[in-house]
Structure formats: C-alpha cells, structure tokens
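Computed from the coordinates by the stated procedures, all read-outs in this text should not be read as laboratory data. Quick caveat: nothing in here was measured; it's all calculated off a predicted structure. Here the Cβ is made from the backbone with ideal geometry for all residues, glycine too, and neighbour counts use every protein chain on show.
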Amino acid sequence: MAALDDLRAGLDPAAIVTDPQALAPHLTDWRGKHRGAALALLRPRTVEEVSTILRWATATRTPVVPQGGNTGLSGGATPDGSGKAVVLSLVRLNRIRAVDVEGDTLTAEAGCILADVQQAAAAKDRLFPLSLGSEGSCQIGGVVSTNAGGINVIRYGTTRALVLGLEYVRADGAVIEGLKPLRKDNAGYALKELVIGSEGTLAIVTAATFRLFPRPRVSATALCGLDSPSAALKLLSVLKQSAGERISSFELMCNAEMGLTLDLVPGTSLPLERRHSWYVFIELADSDPAGRVAELLTETLAAALEQGVLQDAAIAQSEAQAKAIWHLRFAVAEANRRAGPIVSHDTSVAVADVPAFIAAVEAMAAERFPKARTLFVGHVGDGNIHVILLFPREMPAERRADLAPAVNEQVFAIIRDFDGSITAEHGIGRSLTTALLQSAQPEALELMKAVKQAFDPLGILNPGTVLARR
C-alpha cells in the first residue's frame, strides 16, 4: 500500500501486517459487537519504532488504534469501518525490564501478558496483585490504558494505585521517559495519572513501573450462599472486623448468573449442597507464614452462619479446590457470551448503596423488560456491580438493536439516582461515548476535551473512543 511506503523504511518487515487473514482477528472486539477495517496491523519491537510510527501517523494524519490482548468489553480497541486507521499492537514489546526486590518494584513493557508479570514477581518471592479473568491474554499496555480493576481492588486498589512510573509516546512521536520507581514525586502535574485510564486516546503506553507486595504465605478461599445482597454487606462488615487488611477479595454473584456458568462453562461445579439466591466469593491472605487465615475464615463464617447472616459455606481445603471456586467467578464472561443476546453494564455505586441499587434495577427490569433475565455479578467490596440483561435467543436481530439504548437509558437513570458511575473498570470505549456526554458535568467534559487537545492536537489517537468525534 502506497500509504505505508514511507513507514516501511523505518520498521522491520514483520512489523507491518496487511494480509487480510492475519488482520481479521484484530478488527473485531472480544464480544463480537464491534467490527471495523484497517490499513494494516503494526507490530513495533522497540520504543523507537513506536515513535517512528507515531511521527509517520502525525505527518500523514493517519488514525492509530492501540490494541493489547483485545480482551476489552467496551469496544475501545477496535477501529471504525472507514479503513483509514492502523491498528497498533505492542505484542513484540514484551520484556520484563527489571524486578527490584529491595524497592518492591517491577518494570514491564506494554506487550507483556498480565499472567507473565504475576509470575515474574512470584519468581522473586513478590506479589503483583492485579488479577482478572483475562489475565492469561490481556497485556500490560491495555491494563494501564483502561485502569483495570479485578478481584483484588478491595485490598490493593485499581491499576492506578499500582503504577509508580510510566513510559509513553505522544502523538507526535516524543517519548516521555517517566519510569522512576518513586513512591513520592510531587514535581509538577501528575501527567501519568491522565494517561492511566485514557484508553489510548492521549498517548501510547510502552512500559510501566509497578508496586510489588510481599507474597502471601497462607491463604484461605470460600464460597458462601446467602439470601440477599444486604446479607453480603453484613458478612463483609463482620469479616472486616475479624480479618481487616487480610481480605484480598470479596465478590458477589446472583443465582441466575451462577446457573448460566454451571450450565454453559465446562469444568464448573458448585461446592455447596444446594443452590442459593446469592453467592459471595472470599479470599483472605497473609504474608506471615503463621497467619491463621484458614482458622479465622472458618471461625468468622461459622459465627455468621449461627447469626443467620449466611446460609451455607464451602471453604477450600486445597489449592485445587480454591482454583475451582475462583473458576466459577472468572468464567462469568464466557458464560454470558454463550448465553445469548445481552445488554451489560459496568456500574459503580457507594458500597452501602449496593443492595438498594440492585433492587431498583430488578424492579425496573421486571416492569420494562419482562422477557429479560436480570443478572448481577461484581466486586461488591468496592461497589462495582456488573448489571446484565439477558434476552431470549429467538428475539429478532432488529429488536435486539432497539433494546440496548432503551435498557441503557433506564439503567443509567438509576445510576444517576444513586450518584454512581456508568463505568467502573471497563472504560468508556466506543460503547459509552454518548452516555458520557449525557452524564458528565459540562465543565468537566470541557476539561477532558482540553486535555485531549493538549496531548493529541490532530485527534489521531484512537478517535471516537472516550470522547465523541470532533
């Protein structure tokens, strides 16, 4: 392609992919909801090559869509249908540059797989605590660019809380070398905080320096059956009193979602004697080998059972049993993808408001969308609840297309009532740009546009993601 000729001189041959078959997997999102076209897939192997690509893109005004493991759930890594953009994959930029055991830091390039970063930390007897269902395929660049959350946010925070330093490339090709492993740095504006979570619209993340933690020596995992989200919050309160900072995860799932997972994902089974209305997944961990987390969890759940806070509990007796319990939680996305047409939401409300929020959504869905099954799963310990409406498979395609905006309107109205957020960890992507325009304070939106203009004056970085096109 003539448009790529000037670029070929500065990159190795494997960096430019135009074969339609090789391109195809990069032109649709994981859910298959967004499809696009592109001039090429670009696969730089160095930061300098990323800079070369962006200088070329600026000179030619070519849109650049960064893509990590392509596991996102808001369409933010998929090009539009114009075919004018290039998809930028940093899969070849995948070195662990450093692990500092004294300073408890790790520096990884953007193409590193999250699970490999976890293993690199573990090899040095440290913990990198970010844990997601897609950790075997999602990449560090995407994790940083979306400010990923996951199951351990209640203890360790989101990706933003884990990033100490950031290396990124501006739209004009300038490399910002900010990988300092500093716990305290108050020298000017915190520019990295703007890049984290910006979904590739402000800069291209090429590497990050992360905080590490002592590796847990003991852990305990349980699956509990309860009768309501209110009971789940009571259990969380009891557990905080007894376990404190040793709570690594506290996840909520409704029975309908559990049923889909058990029915549609091979290798799943329920370790409880019967089904319950709601479930909570718990993990306690301690870096002290003498930590009594198993006994503590057993005692706390026994007391909660006696008080009627929960109805049943299964405590893992081995690592294999713990993995089987967490497989039920991580398999949700796959179960929902197989179940049929869904309209899903990544919502956030105050933790104390979770039960009332769920009740409001259930009441709305029963009245407005009686044919839908309402599903809930999420990180109740930090108020992040995923709301999913599952519709019958036999529903005509045109009817499905009409339903999504109607469902969104109703769910977003409830979120406004609770002063919550339309997205907690999935991001705005392409899916929620209109919703952001409608929900953000106008003055805040103007600041966002000004930040975008400052970082990317030509608007070539992931156009149409986060902010609607100019």
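For region 2-89, give the magnitude of the charge dipole about the Cα centre (Cβ charges: +1 Lys/Arg, -1 Asp/Glu; no others), in debye to the nearest 20.
Numbers: 9 positive and 8 negative charges, 57 e Å.
So the dipole magnitude of region 2-89 works out to roughly 280 debye.
In the neighborhood of A207, defined by Cβ-to-Cβ distances under 9 Å, what is the net charge if each Lys or Arg adds +1 and each Asp or Glu adds -1? If you can, show how the numbers build up before the last one.
Numbers: positive: R95, R97; negative: E109, E167.
Net charge in that neighbourhood comes out at 0.
With the cut-off at 32 Å, tell me which of the pairs K371/K449; K323/K449; K33/K449; K124/K192; K124/K184 have Cα atoms farther apart than that.
Values: K371/K449 40 Å; K323/K449 44 Å; K33/K449 27 Å; K124/K192 27 Å; K124/K184 24 Å.
Over 32 Å Cα-Cα: K371/K449; K323/K449.
Relative contact order for the chain using alpha-carbon pairs under 8 Å, separation at least 6, rounded to a whole percent?
Numbers: 953 pairs, mean separation 73.2, N = 470.
The value is 16 percent.
How about region 383-421: which GluC sites (Glu not before Pro) there lie in a loop by DSSP and see at most 15 other Cβ atoms within 10 Å? Please list the in-between numbers first.
Numbers: sites: E394, E398, E409; in loops: E394.
In loop regions of region 383-421 (DSSP not H, G, I, E or B), the sparsely surrounded GluC sites (Glu not before Pro) are E394.
About the Cα centre of the chain, what is the dipole size in debye to 20, counting +1 per Lys and Arg Cβ and -1 per Asp and Glu Cβ, all else neutral? Before the final figure, lay out each step's value.
Numbers: 46 positive and 51 negative charges, 164 e Å.
Here the size comes out at about 780 debye.
Read phi for every residue in region 341-347 and hand back ³J(HN,Hα) as whole Hz from Karplus 6.51 cos²θ - 1.76 cosθ + 1.60, θ = phi - 60°, with x for Gly and Pro.
Using θ = phi - 60°, the values come out as x, 10, 10, 10, 9, 10, 9 Hz.
Which one of L42, T60, N70 has its Cα pushed farthest toward the positive end of the charge dipole of region 2-89, where Lys and Arg give +1 and Asp and Glu give -1 at the Cβ?
The residue sitting most towards the positive pole is N70.
Could you please report the charge total around L223, scoring K, R as +1 and D, E as -1 over all other residues with beta-carbon less than 14 angstrom from its beta-carbon?
Working: positive: R274, R275, K323, R329; negative: E251, E257, E273, E283, D312.
Its environment carries a net charge of -1.
What does the C-alpha gyration tensor say about the overall shape of region 218-332? Classify as rounded when a/c is under 1.5, otherwise prolate if a/b is larger than b/c, or oblate.
oblate
For region 340-417, just say rounded, prolate or oblate: build the C-alpha gyration tensor, square-root its eigenvalues into a ≥ b ≥ c, call rounded for a/c under 1.5, and beyond that prolate if a/b exceeds b/c, oblate if not.
Numbers: a/c = 2.21, a/b = 1.93, b/c = 1.14.
Taking the square roots of the gyration eigenvalues as a ≥ b ≥ c, region 340-417 is prolate.
May I ask you to work out the translational diffusion coefficient for region 375-470 at 37 °C, viscosity 0.692 mPa s, via Stokes-Einstein with Rh from the Kirkwood sum over Cα pairs, reported in whole µm²/s?
Values: Rh = 15.5 Å.
Rounded, D is 212 µm²/s.
What nm value, rounded to one decimal, do you get for the distance between K371 and A406 when each label is placed 7 Å out toward the C-beta?
0.9
Arranged by the count of other C-beta atoms within 10 angstrom, fewest first, what order do R338, R183, R329, R31 take? Before the final figure, lay out each step's value.
Details: R338 12, R183 9, R329 20, R31 17.
Placing the least packed residue first, the sequence is R183, R338, R31, R329.
Can you run the Rg to Rh ratio on the chain? Use alpha carbon positions and the Kirkwood inverse-distance Rh. Can you show the working numbers first?
Working: Rg = 22.6 Å, Rh = 23.3 Å.
That ratio is 0.97, to two decimals.
Can you give the helix-only mean residue ellipticity at 222 nm for the chain, where every DSSP H stretch with n ≥ 4 adds -39500 (n - 2.57) and the sum goes over all residues, rounded to the nearest 500 deg cm²/dmol? Working shown, then result.
Working: 17 runs with 167 residues, N = 470.
Estimated from H runs of four or more residues: -10500 deg cm²/dmol.
Round to the nearest 10 and give me the degree value, 0 to 90, for the angle of helix 397-417's Cα axis relative to the longest principal axis of the chain.
On a 0 to 90 degree scale, this one is about 70.
Could you list T78, T28, T62 in order of exposure, starting from the residue whose Cβ has the fewest other Cβ atoms within 10 Å? Provide the component values of the computation, followed by the final result.
Details: T78 28, T28 16, T62 20.
Taking fewest neighbouring Cβ atoms as first place, the list is T28, T62, T78.
Label region 2-89 by shape, choosing from rounded, prolate and oblate, from the square roots a ≥ b ≥ c of the eigenvalues of the Cα gyration tensor; if a/c is under 1.5 it is rounded, and otherwise prolate applies when a/b is larger than b/c, oblate when it is not. Can you show the working numbers first?
Values: a/c = 1.79, a/b = 1.68, b/c = 1.06.
Prolate, because a/c is 1.5 or more and a/b exceeds b/c.
Along the positive direction of the dipole of region 353-470 (beta-carbon charges: Lys, Arg +1; Asp, Glu -1; about the Cα centre), which of T374, T423, F391 reaches farthest?
The residue sitting farthest along the positive end of the dipole is F391.
Could you give the dipole magnitude of region 340-417 about its Cα centre, charging the beta-carbon of Lys and Arg +1 and that of Asp and Glu -1, in debye to the nearest 20?
Numbers: 7 positive and 10 negative charges, 56 e Å.
The calculation lands at about 260 debye.
Going by average Cβ neighbours within 10 Å, how do the peptides 216-226, 357-367, 263-273 rank, with the highest at the top?
Values: 216-226: 21.5, 357-367: 16.8, 263-273: 12.9.
Ranking, from highest mean packing down: 216-226, 357-367, 263-273.
Test of understanding: ordering E177, E425 by Cβ neighbours within 10 Å, fewest first, what list do you get?
On the way: E177 13, E425 24.
Result, fewest neighbours first: E177, E425.
Determine the percent antiparallel among the DSSP beta bridges restricted to region 2-89, to the nearest 5.
Working: 3 of 10 bridges.
DSSP beta bridges in region 2-89 are roughly 30 percent antiparallel.
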